[in-house]
Amino acid sequence: MTKQEALKLFGSSRIRTAWDDEKEEWLFSVVDICGALTESKDPRNYWKVLKNRLKKEGNQTVTNCNRLKMQSADGRLRMMDVVNTEQAFHHFYLR
């Protein structure tokens, strides 16, 4: 893991992150945020269900959510939904 990719801690939860050089901002894994905030046993499914509900409502959360390859638990790089700090606070804290 490089300086541009790191794990951040939120309580006892680990949040995968990546640095965007162009925009000079951190990006955070949405699944990890869901896991940290909900303590769900299956945060990937939690996000999938929430994402579908938001799409049906026409919510901009999903529209503004970017995808980025991040390392998964099995060590492989997989495409994941990511948000920047502002999006994370706006969409998750305010809900």
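The values are calculated or read from the model by the stated rules, or taken from the named source; none is laboratory data. Predicted, not measured: the structure shown is a model, and the values here were computed from it. Don't worry about glycine lacking a Cβ; one is built from the backbone with ideal geometry, like all the others, and counts go over all protein chains shown.
Across region 4-27, which residue is surrounded by the fewest Cβ atoms within 10 Å (Cβ to Cβ) among those that are modelled with pLDDT under 60 and either under 16 Å from Lys69 (Cα atoms) or polar (S, T, N, Q) (or both)? Taking the candidates together, the pick is Gln4. Across region 40-77, the number of residues qualifying as surrounded by 11 or more Cβ atoms within 10 Å (Cβ to Cβ) and within 23 Å of Ser12 (Cβ to Cβ) comes to 11.
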